[in-house]
Structure formats: C-alpha cells, structure tokens
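**Student:** My structure is below; once you've seen it, I'll send some questions.
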Amino acid sequence: MENTTIVFYDGDCGFCNKTIEFILRTESSKTLYFSSLQSKYAQDLFRKEKITIQLDTLYFKEGKSLYSKSSAFFKIANYLKNPYSLFKYLSPIVPRFISDSCYDLVSRNRLKIVKNYVCSIPSPEDLKRFTTK
C-alpha cells in the first residue's frame, strides 16, 4: 500500500467517523483508502516513519508524502466532488498558520460537536478500502 492514498483518522471519535462517511459519500472516484489511527497498520507505518501519532490530527498519505491537519484537509478536497473540491483552492491563499489554527479549534471541540454517535456500517464495496491489519 506504499503508493496508495490513505486517510488516517481517530476511529474512536464520532466527528472523525462522520467525516469519513462524508468523504465516502462525496468522493469523486473510489480511490481513497481509510485507516483508523488505532489500527496496527497505522501504528506500524507511523513508527517506521518515526512520527508520533496525535489522535486529534487527521493525516493523509499520498504516495510517499504524509500531510496533517489543514494540509491533509486540502489534499483530500482534491478527491471530492464539486462543490467540496473547491476547498483545494484555499490552500495557496490561506496561510497555513491560519488554516491550522482553524483546524485546531475544530479538533479541540470535536468530541463536543458529535456526541453519542453510532458508526454506520460501510457497504461491502467501501469496506474493502479500510485497512485494519
């Protein structure tokens, strides 16, 4: 899976799971893979890359590059249908310290935003794109 595009998210967070459901619904082509940060796959990959996992951070792996926070958000926007794909155009306009500050604000409150969330079960087709090993 070295050259695949993978979204890494906190599998224990309702807001994060809702975000993954949103991506699945609005993805323009079914090319993204998904992995909980708690999975063995994510743990092994991040350890190998010498990166400490922050559960309040969204990560996006594209080829050999790993993006986090707002950079991951903007990269994921490239894979979404319109109008959501338009977020990618904000990346070169909005300074990273501002977009990461906005990301951090949402991240700090993510457990308050979505409470008592029950994860939906992905379709068998989508389930194949989740790494758990």
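**Student:** Which lysines, if any, have their Cα less than 30 Å from the Cα of LYS50, not counting same-chain residues under 8 positions apart?
**Tutor:** Output for LYS50: LYS18, LYS30, LYS40, LYS61, LYS64, LYS69, LYS75, LYS88, LYS128, LYS133.
**Student:** Per residue, how much space in cubic angstrom lies within the convex hull of the C-alpha atoms of region 1-96?
**Tutor:** On the way: hull volume 9.6 nm³, N = 96.
So the per-residue Cα hull volume is 100 Å³.
**Student:** Moving to a separate point now. Under a 1.4 Å probe, what is the accessible area of the chain per residue, stated in Å²? Provide the component values of the computation, followed by the final result.
**Tutor:** Working: 8190 Å² over 133 residues.
Accessible surface, normalised per residue, equals 62 Å².
**Student:** Identify the trypsin sites (Lys or Arg not before Pro) of region 44-97 meeting these criteria: DSSP loop state and at most 10 other C-beta atoms within 10 Å of the C-beta. Kindly include the intermediate steps, with their values, before the conclusion.
**Tutor:** On the way: sites: ARG47, LYS48, LYS50, LYS61, LYS64, LYS69, LYS75, LYS81, LYS88, ARG96; in loops: LYS50, LYS64, LYS81.
Listed in order of number, the matching sites are LYS50, LYS64.
The values are calculated or read from the model by the stated rules, or taken from the named source; none is laboratory data. Every value quoted in this text rests on a predicted model; they were computed, and no experiment measured them. Cβ: placed from backbone, ideal geometry, glycine included. Neighbour counts: every protein chain shown. Note: accessible area is taken over every heavy atom of the protein model, side chains too, but ligands, DNA and RNA are not part of it. Shrake-Rupley method; radii C 1.70, N 1.55, O 1.52, S 1.80 Å.
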